[in-house]
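Values quoted throughout were computed directly from the atomic coordinates according to the rules given, and no laboratory measurement underlies them. Source: prediction; values computed, not measured.
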Amino acid sequence: MKKTTISLVMVATILIAGCDKKSPSSSVVPPPAQANAAPLLPIAQSALIAWQQGDKAAAIRSFVAADWSSRPLFETGSVLNLSEDQFKALPSADSGAKAQEMITQISWFKQVSDAVAQAGIDAAAKGDTAQAREYLTSFRQFGLALESQDYMRFVNLYGKGIENKANAELAKIGQ
């Protein structure tokens with residue numbers, strides 16, 4: 001169990017550190033289409049489907065249109081629904097598999113949300129502050145949604161990293 005916790009902290013650090021790096025839009029590679037895509041709300045699912053099909057613009061529009069204050073964020077049975085206590089209570093034989101499942105699901109979010117953040121940064125660079133605010137505010141709301149105490153610390157840390165990046169970018173354009 002300690003190895004799993006250490007692994008989760010290391011991966012969280014990597015994912016959060018990745019939130020602060022500005023990468024060119026072309027370096028984001030869409031995940032392969034899978035029958036077991038990360039369980040999401042229908043609006044967020046639309047973003048992932050568009051992303052998988054290579055339609056980055058539609059994925060970004062769907063992500064921005066999502067109401068990140070709605071609950072539940074994830075489908076029943078998703079590992080992302082587990083609280084820290086629920087995750088710790090898993091038998092050690094299950095915790096490794098659940099940790100990997102969680103990392104896979106977070107990586108789906110990371111790819112799409114990074115594209116949304118980059119679209120906001122690009123809009124700001126072009127002087128379109130209204131659109132930049134829209135993208136970056138949605139990105140921030142996504143991060144805030146992940147910070148709920150209903151979720152594991154790993155998910156909370158990832159959300160905090162997103163919120164920090166969004167706040168920094170919004171400050172650059174003036175909230």
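For the range 40-173, the convex hull drawn through the C-alpha positions has a volume of 94 cubic angstrom per residue. List the pairs from K126/K165; K88/K165; K110/K165; K56/K126; K88/K110; K56/K110 whose alpha-carbon separation is above 21 Å, in the order I gave them. Pairs exceeding the cut-off: K88/K165; K88/K110.
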